[in-house]
Amino acid sequence: QVQPVESGGGSVQAGGSLTLSCGASGVRLRSYCMGWFRQVPGREREGVASFDSDGSTDYADSVKGRFTISMDYAKNTLYLTMSSLKPEDTAMYYCAAATIYSSCALADFETLQWGQGTQVTVSS
């Protein structure tokens with residue numbers, strides 16, 4: 001079973017950039033739909049971006065043009081590159097894996113395993 005582990009969170013000023021990483025030992029991430037989700041206290045977990053092994057990506061409207069999801073196949077690592085960060089991007093960010101069916105789009109994403117989360121805090 002894939003067990004994602006995230007890293008790279010931290011504090012950054014608005015307008016800054018941050019890159020999150022996600023990896024899993026013993027399994028190939030490209031065998032799964034991979035995604036980034038985020039959650040703030042009192043709110044539902046929100047899909048941020050997803051990645052299919054065929055290279056297809058999907059983004060929440062709130063992050064389009066600012067965030068990029070990518071995978072380094074050689075390093076077996078998933079990334080979320082975040083630019084032009086806003087205070088409303090503050091959240092716990094989770095890496096997630098799902099079985100590949102016909103689509104890895106966020107609307108079709110049914111998480112099998114969550115990472116432990118990494119906190120991103122954006123100050124104004």
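The values are calculated or read from the model by the stated rules, or taken from the named source; none is laboratory data. Because the structure is a prediction, the values reported are computed rather than measured. Methodologically, a virtual Cβ is constructed for each residue, glycine included, from the backbone with ideal geometry; neighbour enumeration extends over all protein chains shown. Calculation scope for accessible area: heavy atoms of the full protein, side chains included, ligands and nucleic acids excluded. Shrake-Rupley method; radii C 1.70, N 1.55, O 1.52, S 1.80 Å.
Accessible area per residue for the chain in Å², computed with a 1.4 Å probe and the full protein assembly in place, what is it? Each step should come with its number before you reach the end.
On the way: 6230 Å² over 124 residues.
So the chain comes to 50 Å² accessible per residue, rounded to a whole number.
Tally Lys and Arg at +1 and Asp and Glu at -1 over the other residues with C-beta under 12 Å from the C-beta of residue 53: what net charge comes out?
Values: positive: 28, 30; negative: 52, 54.
Local net charge: 0.
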Length-normalised contact order of the stretch 11-124 in % [C-alpha pairs under 8 Å, at least 6 apart]: 35
Cα centroid separation - the stretch 1-61 against the stretch 90-104, whole Å: 7
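Quick one: net charge around residue 101, please, counting Lys, Arg +1 and Asp, Glu -1 for every other residue with C-beta under 12 Å from its C-beta.
Details: positive: none; negative: 52, 108, 110.
Residues close to residue 101 contribute a combined charge of -3.
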